[in-house]
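For reference, the structure is listed below as structure tokens.
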Amino acid sequence: RKEVEQDPGPFNVPEGATVAFNCTYSNSASQSFFWYRQDCRKEPKLLMSVYSSGNEDGRFTAQLNRASQYISLLIRDSKLSDSATYLCVVNNFNKFYFGSGTKLNVKP
Amino acid sequence: DAEITQSPRHKITETGRQVTLACHQTWNHNNMFWYRQDLGHGLRLIHYSYGVQDTNKGEVSDGYSVSRSNTEDLPLTLESAASSQTSVYFCASTEGLAGYTQYFGPGTRLTVL
């Protein structure tokens, strides 16, 4: 079983839509959680860390559910510039594990 | 500004040749990582280092080696390149581990013919 699993998508949404991604992780002892954004052929860049209480950064909201071992990312009022692949990242035992990514296409 | 760089950005080589990919960071981070990214697999850890003279194998380390002689650099060597090693390679560094963000270099696109 993979350490981190994501729905690969693609999610095709119109501008202004709200879209949500989920990610599940297998190790209940995992310590920290992140969402990264990756544009085509570029390096991953941190979008936001995910805290136990949930956290928000502008149009982006991340939540962690330790009991069910999943994290989520909600994007409100989607912009064309949000089109990218979103990677779920989990840290446990001092290693980082990456999901395969969920592709988002925001269309005019 | 502090940064992490990789070179070369693109490389084409032949099967059986030795290839070294460079990674250099100016954040003075102790922890450095090498990943490869292939379609359908996401990023997979090749090798990592928690400090000078420390190196560790990741999940896909066969055919690769690293050395850490200073804080800034973690070169990745393909001892005898194989076509299965055609991939995009990313180097990353982080100040700490649990709870700390990884910063990635721009990547090296390697093609083995």
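Before we move on, is B:Leu76 in contact with a Gly (Cβ under 6 Å, 6 or more places away or on another chain) and closer than 28 Å to A:Gly99 by Cβ?
No: the conditions fail for B:Leu76.
Do you know which residues across the stretch B:79-93 are under 21 Å from B:Pro106 (Cβ atoms) and out of contact with any Gly (no Cβ under 9 Å at 6 or more places or on another chain)?
Those that are under 21 Å from B:Pro106 (Cβ atoms) and out of contact with any Gly (no Cβ under 9 Å at 6 or more places or on another chain): B:Thr86, B:Ser87.
For the condition polar (S, T, N, Q), touching a Lys or Arg at 6+ places or on another chain (Cβ under 9 Å), facing another protein chain (nearest Cβ under 9 Å) and on the phi < 0 side of the Ramachandran plot, what is the one hit in B:Gln102, B:Gln37?
Criteria check complete, one pass: B:Gln37.
Where in chain A are there strands (runs of 3 or more DSSP E), lying wholly inside it, with at least 2 residues that are within 19 Å of B:Tyr35 (Cα to Cα) and within 11 Å of chain B (Cβ to nearest Cβ)?
Passing ranges, in order: A:4-6, A:32-38, A:45-50, A:84-92, A:95-98.
Looking at the stretch B:72-90 only, could you name the residues that are assigned to a strand (DSSP E or B) and either of a type in the set (D, E, K, R) or facing chain A (nearest Cβ under 9 Å) (or both)?
Correct list: B:Asp73, B:Val88, B:Phe90.
What's the number of the condition A:Asp82 fails, among (1) within 10 Å of the chain's Cα centre (by Cα); (2) over 21 Å from B:His41 (Cβ atoms)?
The single condition A:Asp82 does not satisfy is (1).
It is to be established whether one or more residues within the stretch B:59-71 are within 14 Å of chain A (Cβ to nearest Cβ), surrounded by fewer than 20 Cβ atoms within 10 Å (Cβ to Cβ), in contact (Cβ under 8 Å) with a residue 24 or more places away in the chain and closer than 17 Å to A:Lys95 by Cα.
Among the residues of the stretch B:59-71, at least one is within 14 Å of chain A (Cβ to nearest Cβ), surrounded by fewer than 20 Cβ atoms within 10 Å (Cβ to Cβ), in contact (Cβ under 8 Å) with a residue 24 or more places away in the chain and closer than 17 Å to A:Lys95 by Cα, which makes the answer yes.
Matching residues to (1) more than 9 Å from every other protein chain (Cβ to nearest Cβ); (2) surrounded by fewer than 14 Cβ atoms within 10 Å (Cβ to Cβ); (3) at pLDDT below 95:
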residue: B:Ala2; (1), (2), (3): yes, yes, yes
residue: B:Thr13; (1), (2), (3): yes, no, no
residue: B:Gly16; (1), (2), (3): yes, yes, no
residue: B:Val19; (1), (2), (3): yes, no, no
residue: B:His24; (1), (2), (3): yes, no, no
residue: B:Ile46; (1), (2), (3): yes, no, no
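The values are calculated or read from the model by the stated rules, or taken from the named source; none is laboratory data. Note that the structure is a prediction, hence the values are computed from the model and not measured. Cβ coordinates were reconstructed from backbone atoms using ideal geometry, including for glycine residues, and neighbour counts include every protein chain displayed.
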